[in-house]
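Report on the structure given below.
Here, each number is a calculation from the coordinates, and none is a lab measurement. Quantities reported herein were computed from a predicted structural model and do not represent experimental measurements. Ideal geometry is used to build each Cβ from the backbone, glycine not excepted, and the neighbour counts take in all protein chains shown.
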Amino acid sequence: MSFEPVDVHVADLTGAPVADVLVKIYDPTGTVFFTLAVTDEDGDASFLLETLDYSMRLYKQHTGFKQPQLFSVLATPETNAFSIEAEVFIMPIAKDARMCCCSGFFRDLDGAPLRNLEIHIKADFEAAVLESSAVIPGQRHIRTDDEGYAQIDLIRGGCYQAFIPRMGMDHPRTIEVPDALSANLPDVLFPVVGRIMLDPPGPYEIPVGSDNEIEVIPTVYDSAGRELTGSALEDVQWSMGDIAIASVTPANTKLTLRGLAAGTTELRATRWNQSIVRIPSLAIEGQPVAVVVT
């Protein structure tokens, strides 16, 4: 027997590569584990395996695969390339253009699907008129299925109160629905600042001197895709990496950048609220942005 390179390529039904798929290699019975790898941004994972028979199992949240995948490693390298088809969950969209289909998955502490989770959602507004139709406030009850999945259509831009009895919350959470046809329900329930856009986009060059400044207009979005108000000062902490080189003065709708000393630094944005844990813990998209003072 010899060891041969083995290449695994994972793509969805459209042929697009699927990244971050955990690929585990076992014996044909699935009882003896050998090795694992994770697909890269091109959907590829590589192994060095003996010329034997194997089984392959693949894992990624919200993605389905034929399990297990049986294969043999031969002594001819060009035969040891395997293409795997993935069925990726596609978020449903609301059929009514004035509604947002909020859907998503829930897990328990050991990562298993959280079944039969009750979520109560109540309108946080008086009677409304939506395109000449009356909307009478009331309460909706949804429950996760065996896969930990739930979905509900809510009015785009609407404000609601959400209560999850299993969380033991004393008070309902106020949630705001993004102006979109679809949204991830966990992000609607537990939003954090997700990304920012700056106008002009940067990087920025500022001459030294108190009279020299640049005004930047930020647009801030939460993780559900909802646009926050102005500079989102209650949600975002704006700062400079080196306060000796440049300063930033946040206002309700703009940021004012000033050059203090020659050098290079960064305009940064961090979340004020750290109570909602995100795994993996990703920084706000769209920052930091380079600032050069000349």
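Only one of the values [x] 1.31; [y] 0.98; [z] 1.18 was calculated from this structure for Cα Rg over 2.2 N^0.38 Å; name its label.
[x]
What's the longest uninterrupted piece of the chain once you rule out the GluC sites (Glu not before Pro) that are loop residues per DSSP with at most 15 other Cβ within 10 Å?
Longest run free of exposed loop sites: 148-233.
How big is the range 100-190 on each of its three principal axes, counting only the C-alpha atoms and giving the largest first in Å?
Result for the range 100-190: principal-axis Cα extents of 46, 29, 18 Å.
Which FRET efficiency value, to the nearest 0.05, do you get for Leu109 and Asp27 by plugging their Cβ-Cβ distance into 1/(1 + (r/R0)^6) with R0 = 41 Å?
0.85
For the chain, what relative contact order do you get, as a whole percent, if you take Cα pairs closer than 8 Å and at least 6 residues apart?
Rounded, it is 12 percent for the chain.
Highest mean first, how do 24-33, 155-164 rank when packing is the count of other Cβ atoms within 10 Å averaged over residues?
155-164, 24-33
Would you please give the residues with an amide H less than 5 Å from that of Ile206, counting only those at least 5 places away or on a separate chain, with H modeled from the backbone geometry?
Val292, Val293, Thr294
Quick one: net charge of Ser231's neighbours, Cβ under 15 Å, K/R +1, D/E -1?
Net of charged neighbours comes to -2.
Just for the chain, what percent of DSSP beta bridges are antiparallel, to the closest 5?
In the chain, DSSP labels about 85 percent of beta bridges as antiparallel.
Say we join alpha carbon atoms closer than 10 Å with springs in a Gaussian network model of the chain; which of Gly138, Gly194, Gly168 then has the biggest fluctuation?
Maximum among the listed residues: Gly168.
So, in Å, what gap is there between the alpha-carbon centers of the range 135-188 and the range 44-118?
Comparing the Cα centres of the range 135-188 and the range 44-118, I get a distance of 27 Å.
Quick check: Cα centre of the range 21-37 to Cα centre of the range 224-294, how many Å?
Cα centroid to Cα centroid, the span is 44 Å.
So, by mean Cβ neighbours within 10 angstrom, what's the order for 182-190, 14-22, 101-109 with the highest one leading?
The packing order, highest mean first, is 182-190, 101-109, 14-22.
Straight distance only, please: which lysines reach the Cα of Lys60 with their own Cα at less than 17 Å, same-chain residues fewer than 8 apart left out?
Lys24
Can you give me the long-range amide H partners of Arg195? Hydrogens built in the peptide plane at 1.01 Å from N, cutoff under 5 Å, separation of 5 or more residues or another chain.
Close amide H contacts, sequence-distant or interchain: Tyr221, Glu285.
Could you work out the relative contact order of the range 99-190? I mean the mean sequence separation of Cα pairs under 8 Å and 6+ apart, divided by the number of residues, in percent.
Across the range 99-190, relative contact order equals 38 percent.
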